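All remarks here apply to the structure that follows.
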Amino acid sequence: MTEQQNSPEKKASTATEIPQWQLDLDQVGFVRRIFIARKWYGGDWWFVVVSAVLLLFIIIVGIFPQWFAPYDPRAEVGPSLLAPGEPPSAYVLVIRTDSGVVEFKQIANRDNNIGFVIGSPASQAFREVVGALNAESQAAGEGSQYQPRPQRFESIEEGLAALENGEIDGYIASPDELAGVVENFTGVEILGGLRVEADKGFVMGTNQIGQDVLSRTIWGTRIALIVGLSSAIVAIMFGVPLGLISAYIGGTLDRGLTLVMDSLYSFPGLILAISIAAVLGAGIGNVIVAIAVLYIPTYYRIVRGQVLSVKSELYVEAARSLGAKGSTILVHYIFPKVIPSVVIIFSVNVADAILTQAALSFLGLGLPPDTPDWGIDLARGQDYVRRAWWLIAFPGLMVSLVTLSFSMLGESLSEILNPRLSEL
Amino acid sequence: MANEKDVLVQIRNLYVTYGTRLGSVSAVDDVSFDIYRGEILGLVGESGCGKSTLGKALMRMIKSPGEITGGQVIFNGEDIMEYSDKQMRDFRGRRTSMIFQDPMTSLNPVQRVDEHMIEAIEVHEPKTKKANITDRITSLIERLGIQKRRLTDYPHQLSGGMRQRVMVGLGLVLNAHLIIADEATTSLDVIVEANLVDQLREIRDEFGVTILMITHNIALVAEIADRIAVMYAGRFAEIGPINDVFEDPMHPYTQGLLRSVPSIRLDDQEELYKMPGEPPNLTQPPSGCRFHPRCPQAIPICARIQPELLETKQGRLVNCWLFQDQPEEAAHPIMVTA
Amino acid sequence: MSSSLRNFLITRALLTIPMVLILITMVFFIMRILPGDPIRSELGPKATEEQVEIIAERLGLNKPLYQQYYEFLWQMITLDFGNALTMGERPIKDELAEKLPATIELTIPAMLFTAFFGIFAGAYAAKKRKKAQDYGIRLFSIAIYSIPIFVMGLIFQIIFSVRLNILPIAGRLDPLLLVTFESPTNFYIIDSILTQNWAALRSTIAHLILPALTLGLALTGVFIRLTRVNMIEAQESDFITAGRARGIPENKLHYRHALRNTFIPILTLIGLQFAILLAGAVLTETTFSWPGMGRYLVTRIQLRDYNAVQATIGVFALFVAVISVVMDVLYAFIDPRIRY
Ligand SMILES: Nc1ncnc2c1ncn2[C@@H]1O[C@H](COP(=O)(O)OP(=O)(O)OP(=O)(O)O)[C@@H](O)[C@H]1O
Ligand SMILES: [Mg+2]
């Protein structure tokens, strides 16, 4: 309020002053203009930039997952249910001192017994090593089958005692477990490492069949993007022309289509997608179709609404009275008006499609079971929810992140492109 | 009444600016004038010249991106620019009230007529008894020619004229001294409009309120107002008693404006005057007198230096170099705007 | 009730008939016209012609299309859908009568949570438009929308059931209590109150918290957004400016005048949201093993129980139509322009 006492001359000059950045707007190129716009749009500008950067990264990951994923998403690369960062522990084979065994192969036949503590990861190591032996012999064309019988024990002492008595031929345990115990049994010795301790574990752990969660999560991006983008594009290809035509022609066709589209729109989308996907059966194309159907009414409604309002505006009237053809009016007057809202809806729609696709695979519909897909991984992870949080957290985080980027872009674009705002 | 010279509001060097993407719009630019107690002051001007902005500024109701960038509004001797938010809320409604152009939308559609009035009284006079409130509302509304039973109606059940009278009632129910009517009658049809105008004059006579009547309709001002103020591009061109201004318009803009009004007395042969040029873009207003590019009587100084609103005759103020001493050019170099 | 209101309601109820008809027809055609073949997909590619015919006969798929359509319509009208093909082959009507209450018991608390939380957060964001609080709330609403319902549910299970162990992980009621639980209405809350079985009431509520919270939160994002946009619109309306000019305090203008007017568009949106709510219920029920309509649908799809699936989707369509009528009735009560 101290300002009031200022002389009118001073005021008069501030009233007509235009901030320099606003004048700059007219002189600079598109890129600079985007930066300058930051001052005008504030938080929404940052929303757009953050989501654009995220999306760029996500799209690169989706196109080239092999650059980022350390392992093949379908391969079993480690012990199962390994927590993130935890290195798979080493396992050693214990034998009787007098048995003369120098190699695991020697006691890996059908009539051999191998012991370990019940329910411990040693069983995993056992299975792995037998599998490796068989693969090896198959590759060498030997045809011999290794199939030692597993013997499960309540405790390590029990097992070592059984080994000493000759009931079993070998015992599998980790060096940590054996320390301080093995010395009490005179007749046994440690033969050597079955599996060495890895120096590093898996960043996001492994799942129940020993696949790398990180690699699967990265490869899942590809499926999500393919389904999300293609179903949105298919929906546009049907929804936009239908909306244009319906609004432009009007009459019975318009009323009928609108009624159908409104009913479709009011029906719970996921349930519709579930029923279509269930009837069509598994396959990525089917999923795309099932999801695309949900969004056709969205485009139809928005395009039809826009066309109706544009149609009533004067310049279309004028163009028509000047004898412009219907198609000219459509392309030159109506299309440009409709495009901004289609862009906004598109990005929101991709977000929603990705969510729907994840939901479908979570429910066991749509994709073949081995696909590296977030929804499938989450559905499997549900069975291990008490033990392995990482099976939920990482794919869940990734779905949310991708959806977030698309919807943030749509939301802030719609705030920025809001006609009332841009009028200023 | 107007000659009593009892000043209710003094506006001094008021500036209002809107910051837009295309630059700042100086919608009210160095406006000073007085409103006398009990008068009806008509404010006229082309669309976009800042009439509504001025009206809102008198109640400090300018919303972002707009801002009152300077000046004083002295109401009953107190500068309302110094008021706190709380004082301002008390001021609005109790001292000044406003009636807007569109009666369809200026009442809350889900609130009954009496609820509007009760709310206003409860906010400003929380101690009033329920029974007193009802009495006050009933007598007021009947005085305005609306039946009592209409009080429990919702706005959409009333006609446009009735709604506008309800808005007037909302202004009177708290005994406001000043009523600002911004195009209050524009959207009504002619007969309803005439009735409302008559009623406004009666109300002035009866309640002694002061009315600032913002309108496009010069004929209406001629009929009801005591004085007329003519605004052009954010500034006052001329202000004076209604008869004097109509008989002898001094500012070239006022002359043009009055000549472009269709009148019933006009001969069919006589062409309506059409003012040359367009109203200026207020982001970059013309230098000097803002009217000079369109002015048929412009002289060199008009393009360079802004004149002032000065009293030329008894009660008449004009903002034009034709009626004031022209200074040496060198004396005011700062005034030239870019 | 004035006569115009009655007329409005009757017209509105009549208008839903074509909508229901279209939805039901859609369900019918999806189940038949789409290229997938339910019989082949059930039996596998090696099925003999004979086997196919037996099943087709059983499902009524060998009849002409118009007759199938007519029968399906009749089933929807009488709500008599015949027997399920799997899992005990009970009448579908009875099975749905058990599942529907479970779904309703889940969705109503979720909807209430969403509506209260979403409307107030949205209104507050609108009040603080373009301030930090506004951006914060908007970011929250986008983020919450982006988390799939089942992920949110699983994370809640990990936190509250596995780690903290304070809430049950799944189901509607403690299995020990379920043995003796009497359930005439299948609304467990109502039943346990009726039978004064307080242990069951406590257990029911404990089981309800996580699923309802999950479903409610998942919808909040959309709600905040819609409320905010509509509030911003209402704020700009003339009657708010007029109220301000009468010296009505800002809070009152915002939370009373603007908000009350915003309820009208919001109510319409709640009607539309209900569709999303039902879709969300399918996922929530699957995640929390909640024995409602959604889980029923999913398990029957997995079992390829054609009859049950068709009937369940049909009932969902009816449900949507009923809700939209209910919403319009509420609408009429809130908006005086319709009431008179
Ligand atoms: N919210 C706003 N943002 C930016 N500029 C504005 C805004 N409101 C008004 N203006 C500008 O301020 C100037 C004065 O507007 P105002 O509404 O006061 O004119 P008016 O004389 O009341 O016009 P009308 O007769 O059409 O009501 C106009 O040039 C307009 O462009
Ligand atoms: Mg105006």
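Figures for the structure shown
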read-out: Label zone at A:Arg110 (point 7 Å along Cα-to-Cβ), backbone N below 15 Å, the stretch A:149-176; value: A:149-150
read-out: Under 13 Å, Cβ to Cβ, from C:Leu106 - net charge with Lys/Arg +1 and Asp/Glu -1; value: +1
read-out: Highest-fluctuation residue, C:Arg260, C:Arg138, C:Arg244 considered, GNM on chain C with Cα pairs under 10 Å; value: C:Arg244
read-out: Residues of type aspartates and glutamates that C:Lys63 reaches as a straight line, Cα spacing below 20 Å, ignoring anything fewer than 8 places off in the same chain; value: C:Asp37, C:Glu42, C:Glu49, C:Glu50, C:Glu53, C:Glu71, C:Asp80, C:Asp305
read-out: Computed lengthening from B:Glu67 to B:Asp189, 0.36 nm per intervening residue step minus Cα-Cα distance; value: 40.5 nm
read-out: Sites C:Leu330 and A:Val331, calculated FRET efficiency, Cβ-Cβ separation with R0 51 Å, nearest 0.05; value: 0.70
read-out: Length-normalised contact order of the stretch C:92-334 in % [C-alpha pairs under 8 Å, at least 6 apart]; value: 30 percent
read-out: Spin-label proximity, C:Gln302 to the stretch A:342-376 - amide N less than 16 Å from point 7 Å beyond Cα toward beta carbon; value: A:359-370, A:375-376
read-out: The protein assembly as shown, accessible surface, carbon-and-sulfur percent (1.4 angstrom probe); value: 59 percent
read-out: Cα-based equivalent ellipsoid, the protein assembly as shown: semi-axes from gyration tensor eigenvalues, Å; value: 74, 36, 29
read-out: Label-to-label distance, nm, for residues given as A:Val49 and A:Trp67 (7 Å Cα→Cβ offset); value: 2.3 nm
read-out: Potential lengthening between A:Ile190 and A:Asp98 on full extension [0.36 nm per residue; Cα-Cα distance subtracted]; value: 31.9 nm
read-out: Distance in nm between pseudo-label sites at B:Glu142 and B:Lys274 (7 Å out along the Cβ direction from Cα); value: 5.4 nm
read-out: Summed buried accessible area for C+A [probe radius 1.4 Å, Å², rounded to 100]; value: 4500 Å²
read-out: Cross-link reach list, aspartates and glutamates versus B:Lys130, counting only Cα pairs under 13 Å and skipping chain neighbours closer than eight places; value: B:Asp114, B:Glu115, B:Glu119, B:Glu122
read-out: Gain in span if fully extended, A:Ala140 to A:Ala282, counting 0.36 nm per residue against the direct Cα distance; value: 47.3 nm
read-out: Neighbour net charge for C:Tyr188 - beta-carbon separation under 14 angstrom, K R +1, D E -1; value: -2
read-out: When each of B:Lys148/C:Lys128; B:Lys86/B:Lys313; B:Lys129/C:Lys128; B:Lys56/C:Lys127; B:Lys127/B:Lys148; B:Lys51/C:Lys128 is checked by Cα-Cα distance, pairs over 31 Å; value: B:Lys148/C:Lys128; B:Lys86/B:Lys313; B:Lys129/C:Lys128
read-out: Efficiency of FRET from Cβ geometry, A:Ala162 and C:Ala56, R₀ 60 Å, rounded to 0.05; value: 0.50
read-out: Sum of side-chain charges, A:Glu157 neighbourhood, beta-carbon under 11 Å (Lys, Arg +1; Asp, Glu -1); value: -4
read-out: Inter-site label distance for B:Ser260 and B:Asp205 at 7 Å from Cα along Cβ, in nm; value: 3.5 nm
read-out: Accessible surface, 1.4 Å probe, highest first, among residues C:Phe288, C:Phe274, C:Phe120; value: C:Phe120, C:Phe274, C:Phe288
read-out: DSSP-defined beta bridges in the protein assembly as shown - what % are antiparallel, rounded to 5; value: 60 percent
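The values are calculated or read from the model by the stated rules, or taken from the named source; none is laboratory data. Remember, it's a predicted structure, so these values are computed and weren't measured experimentally. Positions of Cβ are generated from backbone atoms using ideal geometry, with glycine treated the same way; all protein chains shown enter the neighbour counts. The area values use the complete protein model at the heavy-atom level, side chains included, leaving out ligands, DNA and RNA. Shrake-Rupley method; radii C 1.70, N 1.55, O 1.52, S 1.80 Å.
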